[in-house]
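Report on the structure given below.
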Amino acid sequence: MESSIAIRMVNITKTFGEVVANNKVCLDINQSEILALLGENGSGKTTLMNMLAGIYFPDSGEIFINGKAVTIASPKIAFDLHIGMIHQHFKLVDVLTAAENIILGLNETTVVDVKHVREAVKEICNRYGFVVDPDKKVYDMSVSEKQTLEIVKVLYRGADILILDEPTAVLTPQETQKLFCVMRNMKEDGKSIIIITHKLHEVMEISDRVAVLRKGFHIGDVPTSETNAMKLTEMMVGRAVSLDIERSVPVNPKPKLVVKNLTVCDSDGINRLSNVDFTAYGGEILGVAGISGSGQKELLEAIAGLQYCQSCSSIEFLPEKGEKKQLSGMHPIDIKRLGVALAFVPEDRLGMGLVGSMDLTDNMMLRSYQDGPGPFADRKKPKQLAETVVKELEVVTPGLSTPVRRLSGGNVQKVLVGREIAMQPQLLMSAYAVRGLDINTSYNIYHLLNEQKKRGAAVIFVGEDLDVLLELCDRIMVLCSGRVNDIVDARTTTKDEVGYLMTYLKEGKTNHEQKA
Amino acid sequence: MTQVISLIQAAIVFGTVILFGAVGEILAEKSGNLNLGVPGVMYLGGIAGLAAAFFYEGNTVNPIPIVSLILTLAAAFLVAMLGGLIYSFLTITLRANQNVTGLTLTVFGGGVANLFGGTLNKMAGGVGQISVAMTSGAFRTTIPALSGLGIVGQILFSYGFMAYLAVILAFLVSWVLNKTSVGLNLRAVGENPATADAAGISVTKYKYLATCIGAGISGFGGLYYTMDYIKGTWSTDGSIEKLGWLAVALVIFATWKPKRSIWGAYLFGALFWLFFYIPGLTRSSQEIFKMLPYLVTLLVLVMVALRKKREDQPPHSLGVAYFREER
Amino acid sequence: MSKKHEVASREPLIRMSKRDGIPTWKSIGVRLIGLALALIVCAVIIYSLTKLNPLKVYAAMFKGTFGTNKRVWVTIRDIVMLLCIAVGLAPAFKMRFWNIGAEGQILVGGIAAAACMIYLGKSLPSFALIVVMFFGSMVAGGIWGTIPAVFKARWNANETLFTLMMNYVAIQLTSFFVAKWENPFGSNTVGVINQMTKAGWFPPVFGQMYTLNVIIVAVLTVAMFLYLRYSKHGYEIAVVGESENTARYAAINVKTVIKRTMAVSGAICGIAGFIAVAGASHTISTSTAGGRGFTAIIVAWLAKFNTFTMIAISALIVFLEKGAIEIASQFDLNDFVSEMITGIILFFILGSEFFINYKIRFRGGKKEAGK
């Protein structure tokens, strides 16, 4: 292996407000090397790489490129230093062709020399084994084509150091193989490549070296040949931390929600969820684990009637009394009319769960404004509710007439959870309920969820912190690439097992149900 | 036959006014700025050109046509550009709402133009008394050898030079937008300013330039109207405003393509004057005929929404101010 | 959309960031400063045009607007007209639906009113006729407003451009009826309708011609305020305007709300057309709306959908128009000076919005301007 160092990052620290995203991280990248940057959600991988790409600027620390100290103040400077980053969200203009996207902003010639670009693209493609049609419009491209285009764009601009942020998250296994092939070719050509990923088998397959981040700290790096998936999982998730979250044994669990064969396609026609089967029981908390973008959002939204599900899907709701109700294919309006008390704390608090510009009272009535006779909305009850929520959940706010946008993240979440719980739900779904909250508020939220569980509601808790999932939930369903990889008993499983299930889809697994 | 020729001539003359307006507006909209101030900048261009000619002819002993032409063109372009600059400053730098700012510009432009137009009329001794005969004549000069070529000459060569300038500008803008690096960057700014920004393109600079130059081009529409269409006079009857809105309609009709706006402009002109050539129409049904350009535009608008063809859609960020730190 | 960019090493001279909110008194203060600056700029322009003391000119404007009892009433008539349209636009704008089509909605309302006066003027008693005119205009305006909403809800057709085009269809429609109802023949105007019988004219109330105009618009203003602030519909409009995602989450039928709200918006603009015909001009022409449909957009936008604030802004704009016309006639300028002054003042008020929505920080200084 060549030992000359392409990039050296020394003591890089970056904070966002109170949160320390990177804490004195030191990292070296060699020439002609594929380095895998591994870590859980929120471990600071993308932030670290964004500082190389000129998107963020470090609070402290130094960066050396080929031994020279550099200041990367903008994406343009990063280009000039031959660093190119392929973001998870592609930065492409849809109505332009591949070639036009490649030369965007370069102003090489006054009149666009399409012929020259075509040839240059062809040359790059031949060298590394890509296939890009320079005249194809981006909106006609598949995700994998768009990604290829991003890589070619970066190479055209002369990048020697490529950073790929979770490139395989959106690819099929075949496409992933093709990408890896290209990556190997680029390595042969002397380029340094950093790949950010959660998927262990891919790390093992493609990388020369692995660097692991956890909660903003650099845990260490190891040559890939000297490690294995289990060891890496341990580095990534760390030792289990005891959180002392209360957890009662489910009393008389009855099926509340039976989901069968749930399949959801996105607008590009890609399956975000495939044949998901599970049952949520009243009186228990079902955790949902998975790396981000594994279909958690789609799962909850499909149940809430906000996602179009394929016709094969079945979402049956079994109320306390009366007949079971089919929710698949229903709009939120229909679900409401059926009288299903379904509470949903979505991930996007201010973009979906609440209206940022409205005050607490008005946000309280979002679910109930239709109640009561007459054309005018009753604001007395929502006001009382707002008062109750503020008092009981200790929401810090100047007053009830403050727009919720002006509250801090934790208080926004309390308002949202408070409202949803107030509807006495039979089914409560929450997505990343404690993201960005301090410890105390988090415990408050756990407590509220536990109360709902004791009331007999079925609680679905989508989480990202494995320690919390392990201690709060009764069972954990692990999603991997839109499939249910397994459903495990939270009391007996280990952090490593869940971490492994999140990143490694079982081969030929059947989506069977495990009884609680 | 003569009727057909005269319809075509009327259509082309009428179309030229709105073609200038539309080509300028396409340039602005391609940068993501929906400038509803087109009628305003056309007003500004018209009055500036007229005033320049008026004062040049009035204050010079031996006015030279070519000097007068250059003066009027420059005045029209610059003053209309100033209108665009006001709009740009408010919407790009101060991020004021584009629709409201555009409408205000239309009110303002109309006010300024008619105020000075009225004053010019008074200085000249009454409505229709403004005498810029020489300059207006220069605008309406045709090439005798060509315009005398029978039918072909009548249809193709019987107009002042600005009718051809409009077509040339349409082709030029089309070429810049589609073939040059600058045009590519501009289209990216209008479609996806965040991506353009990330690619190192100065979004602000492109928006300012496109909007201001676009306003200047639109201003030529007003100039053509005053100097050629109504032969160097000024009337405060609000026709420029009507034409300005028709130019906005033409942008939609042409689905933001300058070349398509050329025949679109003539089609609008023909539709607008069609009633004149259909015998037996009552005055009231003539008015229904004048509705045609707008109805056709509505039809195109609906078709574009229905067909969802990406090339025909408005620039994606049209009407939205760009703020880098907005998440 | 884009990730937050932070470039710390080369901080630009001026940095701005979005504000979360600003106390009401400050936002009013900023607007007043904008207004004051605008008046100064106008004063400079007036001085350079007329060489007169601008203060005297402003005094003349005031006299022109409020000088005589009759002038006061004409001013009030024009204020309520503009206010009525702005009130109509309020729900659409609150829903973030760009209804640029008030001009057209007013005209079709006016056509409906005029048609009733012409065809039913002899057969219906005066009171019944006015009621029929009222509803006729309301329905006509409502339909005109719903058409673009249907296309928006169903196929997502751009409503700004659609409503804009609908204006011109309505203008031609008006021309059609003007030609059809022409009186006397060859005048190309409809003339004053029912001049002798005054059928369909607003009767004087309390001895004033325009009392009914004021009453109708006052009722609409209060009703719209209540509708937007306290009704279930108003709540839905606010949620849809803020975020369609949240609206769907809250089980609101977004398409229905769009169509219903535009029907309401168009209907009130239609009523404005009815008032213009029955309560002011007693005729119909393409200038019945007279650009007020556009001016009202600016009023509604600046008032941030609060119908009571609209009263003040309508009054300001009408005052400027009247006053400018007055100085124009006194100082031998033409009427269009009012449009120019209105334009300048609106530019400044629009510009001042920036300082309400954004914070500005200069390089070096830690202090945030206007904080």
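Values in this text are rule-based calculations from the coordinates and carry no lab data. Everything numeric here is computed off the predicted structure, so don't read it as measured data. We place every Cβ from the backbone using ideal geometry, glycine too, and count neighbours over all the protein chains shown.
Check cross-link reach from A:Lys414 to the aspartates and glutamates: straight Cα distance under 16 Å, and skip same-chain residues fewer than eight apart. Candidates past the 8-residue exclusion: A:Glu347, A:Asp348, A:Asp359, A:Asp362, A:Glu387, A:Glu392, A:Glu394, A:Asp438, A:Glu451.
When the dipole is taken about the Cα centre of the protein assembly as shown, and only Lys, Arg (+1) and Asp, Glu (-1) are charged at their Cβ, what size is it in debye, to the nearest 20? Don't skip to the answer; put the middle values down first.
Numbers: 116 positive and 96 negative charges, 540 e Å.
Approximately 2600 debye in magnitude.
At 25 °C and 0.890 mPa s, grab the translational diffusion coefficient of region B:1-89 from Stokes-Einstein with a Kirkwood Rh over Cα pairs, rounded to a whole number in µm² per second. Show your work: numbers first, answer last.
On the way: Rh = 14.8 Å.
Estimated diffusion coefficient is 165 µm²/s.
Could you check what % of the DSSP bridge pairs in chain A are antiparallel, to the nearest 5? Percent antiparallel among DSSP bridges in chain A is about 55.
Averaging the sequence gap over all C-alpha pairs within less than 8 Å and six or more residues apart, then dividing by the number of residues, gives region A:74-147 a relative contact order of 41 percent. 3J(HN,Hα) couplings calculated from phi for region A:411-417 with the Karplus curve 6.51 cos²θ - 1.76 cosθ + 1.60 (θ = phi - 60°) are, in sequence order, 6, 4, 5, 4, 4, 5, 5 Hz; Gly and Pro show x. Label-point separation (nm) for C:Trp155 and A:Asn252, each offset 7 Å from Cα along Cα-to-Cβ? About 5.8 nm separates the two model spin labels. Kirkwood hydrodynamic radius of chain A, from the reciprocal of the average inverse Cα-Cα distance over all distinct pairs: 24.9 Å.
Could you give the Stokes-Einstein D for region A:358-423 in µm² per second, using the C-alpha Kirkwood radius, 37 °C, 0.692 mPa s? List each step's numbers first, then the result.
Details: Rh = 11.8 Å.
Rounded to a whole number, D works out at 279 µm²/s.
Normalised radius of gyration for chain C, please: alpha carbon Rg relative to 2.2 N^0.38 Å, two decimal places. Normalised by 2.2 N^0.38 Å, the Cα Rg of chain C equals 1.10.
Consider a paramagnetic label point 7 Å from the Cα of C:Trp25 along Cα→Cβ; state which residues of region C:320-360 have an amide N under 15 Å from it. Residues passing the 15 Å test: none. Inter-chain Cβ neighbour count for B:90-103, averaged per residue, equals 6 (cutoff 10 Å, partner chain atoms only). Under a 10 Å cutoff between Cα atoms, tell me which one of C:Ile28, C:Ile271, C:Ile325 has the largest fluctuation in the Gaussian network model of chain C. Looking only at C:Ile28, C:Ile271, C:Ile325, the biggest GNM fluctuation is shown by C:Ile28. Please enumerate, by chain and number, the lysines with C-alpha under 27 Å from the C-alpha of C:Lys255, excluding those fewer than 8 residues away in the same chain. Reachable lysines: A:Lys297, A:Lys325, A:Lys336, B:Lys308, B:Lys309, C:Lys94, C:Lys152, C:Lys232, C:Lys304. Treating each Cα of region A:1-106 as an identical point scatterer and summing with the Debye formula, the log10 of I(q)/I(0) at q = 0.15, 0.16, 0.19 Å⁻¹ comes to -0.71, -0.80, -1.05. Computed from label points 7 Å out along Cα-Cβ, the spacing between C:Arg229 and B:Phe171 is 6.2 nm. Taking 21 Å as the straight-line reach from the Cα of A:Lys231, the lysines in range (excluding those fewer than 8 positions away in the same chain) are A:Lys45, A:Lys199, A:Lys215, A:Lys495, A:Lys506. Across chain C, Cα pairs under 8 Å and at least six residues apart give a relative contact order of 33 percent. Multiplying the residue separation of A:Arg8 and A:Glu394 by 0.36 nm and removing their Cα-Cα distance gives an extension gain of 134.3 nm. Of the Cα atoms belonging to region B:109-268, the radius of gyration and Dmax stand at 19.0, 59 Å.
Computed over neighbours whose Cβ is under 9 Å from that of A:Leu466, the net charge equals -3, Lys and Arg +1, Asp and Glu -1. DSSP beta bridges fully contained in the protein assembly as shown are about 60 percent antiparallel.
Quick one: if the Förster radius is 22 Å, what FRET efficiency do C:Ser48 and B:Thr60 give, using the C-beta to C-beta distance and rounding to 0.05? Show your work: numbers first, answer last.
Values: r = 24 Å, r/R0 = 1.11.
Here the calculated transfer efficiency is 0.35.
Gain on full extension, evaluated as 0.36 nm per residue between A:Thr15 and A:Ala341 minus their Cα-Cα distance, stands at 113.3 nm. Neighbour counting of Cβ atoms within 10 Å sorts the residues A:Met236, A:Met183, B:Met227, fewest neighbours leading, into A:Met183, A:Met236, B:Met227.
Per-residue counts of other Cβ atoms within 10 Å, averaged by peptide: what ranking do you get for A:333-344, B:105-116, B:163-174, highest first? Please list the in-between numbers first.
Working: A:333-344: 17.2, B:105-116: 27.2, B:163-174: 18.7.
The packing order, highest mean first, is B:105-116, B:163-174, A:333-344.
Derived scalar couplings between HN and Hα for region B:28-39 equal 5, 5, 5, 8, x, 9, 7, 8, 7, x, 3, x Hz in order, rounded to whole Hz, by the Karplus curve 6.51 cos²θ - 1.76 cosθ + 1.60 (θ = phi - 60°), x for Gly and Pro.
When each pair of different Cα atoms in region A:278-437 is counted once in the 1/r mean, what is the Kirkwood radius in angstroms, to one decimal? Before the final figure, lay out each step's value.
Values: mean 1/r = 0.0593 Å⁻¹.
Value: 16.9 Å, from the Cα pair sum.
Note on B:192-204: average number of Cβ atoms from other chains within 10 Å of each residue's Cβ is 6. Ranking of C:Glu103, B:Glu25, C:Glu353 by neighbouring Cβ atoms within 10 Å, starting from the fewest: C:Glu353, C:Glu103, B:Glu25.
Please identify the GluC sites (Glu not before Pro) of region A:107-184 that satisfy two criteria: DSSP loop assignment and at most 12 other Cβ atoms within 10 Å. Which are they? Don't skip to the end; give the middle numbers.
Working: sites: A:Glu108, A:Glu119, A:Glu123, A:Glu145, A:Glu150, A:Glu175; in loops: A:Glu108.
Here the GluC sites (Glu not before Pro) that fit, given the DSSP loop and packing criteria, are A:Glu108.
For A:Ser313, the amide hydrogen comes within under 5 Å of the amide hydrogens of A:Thr263, counting only partners 5 or more places away or on other chains and with H modelled in the peptide plane. Under 5 Å from the amide H of A:Arg214 lie the amide H atoms of A:Ile219, each residue being 5 or more positions distant or on a separate chain, with H modelled from the backbone and absent for Pro and chain starts. Label zone (B:Lys179, point 7 Å along Cα-to-C-beta; backbone nitrogen cut-off 16 Å) within region A:100-128: A:109-116. About the centre of its Cα atoms, chain A shows a dipole size close to 1140 debye [charges on the beta carbon of Lys, Arg (+1) and Asp, Glu (-1) only; nearest 20 debye].
In the P(r) worked out for the protein assembly as shown, what percent of Cα pairs fall beyond 62 Å? Can you show the working numbers first?
Working: 132943 of 736291 pairs.
Here the long-distance tail beyond 62 Å is 18 percent of all Cα pairs in the protein assembly as shown.
The calculated pair-distance distribution of region C:125-181 uses every alpha carbon pair, bins of 5 angstrom beginning at 0, and gives 5, 16, 17, 19, 18, 12, 8, 4, 1 percent. Just checking the listed ones, C:Phe93, C:Phe355, C:Phe134: in the Gaussian network model of chain C with Cα springs under 10 Å, the one fluctuating most is C:Phe355. Over 5 Å intervals from 0, what percent of Cα-Cα pairs in region A:5-237 sits in each interval? Per 5 Å bin, starting at 0, the Cα pair percentages come out as 1, 7, 14, 18, 20, 17, 12, 7, 3, 1, 0, 0. Averaging 1/r across all pairs of distinct Cα atoms in chain B and inverting the result yields a Kirkwood radius of 20.2 Å.
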